[in-house]
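The structure appears below as structure tokens.
The values are calculated or read from the model by the stated rules, or taken from the named source; none is laboratory data. Here the structure is a predicted model, which is why all the values come from computation and not from measurement. Neighbour counts run over all protein chains shown; Cβ positions are idealised from the backbone, glycine included.
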Amino acid sequence: MTRPIVVASRALPIPEHPAFELRTQTPGQALPEGARVYLCAAIDPVSAALIEQFPDSLKLISNIGVGMDNVDLAAASSRGIAVTNTPVVTEDTADLTFALILAACRQVGAAERFVRDGQWGADHPIYAGGSRVHGKTLGIIGFGSIGQAVARRASGFQMPVLYSSRTRRPDAEVSTGAHWLPSVEALVEKADIVSVHAPLTPETQGLIDGATLRCFKRGAVLVNTSRGALVDEMAVAEALENGTLAAAGLDVFEREPEIHAALMARNDVVLTPHMGSATNECRVDMVDRAVANVVAYLSEEELVDRVN
């Protein structure tokens, strides 16, 4: 019996599965007739033009990632194509967020370079710098599952937590002890550390720009593990230069893998390569969830993680 064809956007670590035949897309070539599913990674753009080329048989895009800004959801919906994601990255991304909070506040990157460059010695017996984390006020922009997971971690550091989100979440306020504020501006005026977890939408693009940064509490720390386009990198560099920000920890960037030269040159910025979900365990979970969505579709069962 012929198995349904699932086309992968690139070579992906998908194990052989009895429910379908996996083929890797050849760049520049049309998908094979009869293909049922397009399986892609979050770094792969799935544009309206690409979707228009899909055969009529294809009715599912299974995206390995949480954020959906790489897929034109409107174009998929207009052709009756379901889109699913893999919302299993919460705890790993929250772990990295807190790692960046600690590293940025305590200047871990700069201190490591101090050691590696051979500066630690009799003339410089102590590396001076950094700021305390415990007890500081943490402001979270976007209070979905990852923002809430970061708030839970903050409780171990006795940090008051504020959040701003399009939707107020009373249940999460009870479980995390976080307090809601009606605007981003109101939040950043009060927070010592600001962590960004909002989805990327036309409304949130450039959310942290020069105007917003001018509202920040002076000497605050900014962390972003959400999407790079939420933050204006040049404005962040300027805020670091003028002292509005004391430090920043960034895992995502406006034009990945390119990073603004002004940030690359600074010793008060911790930079990581979009690795929020990059643990061995999480990547296995993501692939398993993507495959579960594919199998559910092929079995005509309810999709686990439909987003459109």
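Would it be correct to say that ALA49 is in a helix (DSSP H, G or I), assigned by TED's automatic domain parsing to the domain that holds VAL287, in contact (Cβ under 8 Å) with a residue 40 or more places away in the chain and of a type in the set (A, V, I, L, M, F, W, C)? The answer is no for ALA49.
Any idea which residue in segment 84-104 is nearest to ASP192 (Cα to Cα), counting only those that are in a helix (DSSP H, G or I), in contact with an Asp or Glu (Cβ under 9 Å, 6 or more places away or on another chain) and not aliphatic (A, V, I, L, M)? Only one residue tops the list, namely THR97. In segment 71-83, the count of residues that are among the small types (Gly, Ala, Ser), within 29 Å of SER195 (Cα to Cα) and either in the same structural domain as PRO257 (by TED's automatic domain parsing) or out of contact with any strand residue (DSSP E or B) (no Cβ under 8 Å at 6 or more places or on another chain) (or both) is zero. The single condition among (1) over 25 Å from the mean Cα position of the chain (by Cα); (2) in a loop (DSSP other than H, G, I, E, B) that PRO13 does not meet is (1). For segment 245-266, enumerate the residues that are in a helix (DSSP H, G or I) and either touching a Pro at 6+ places or on another chain (Cβ under 9 Å) or surrounded by 15 or more Cβ atoms within 10 Å (Cβ to Cβ) (or both). Hits for segment 245-266 are ALA262, LEU263. Selection over segment 10-20 of residues that are under 26 Å from ALA49 (Cβ atoms) and either modelled with pLDDT of 95 or more or among the aliphatic types (A, V, I, L, M) (or both) gives a count of 4. Residues in segment 207-244 that are closer than 24 Å to SER277 by Cβ and not aliphatic (A, V, I, L, M) were compared, and the one that is surrounded by the fewest Cβ atoms within 10 Å (Cβ to Cβ) is GLY228.
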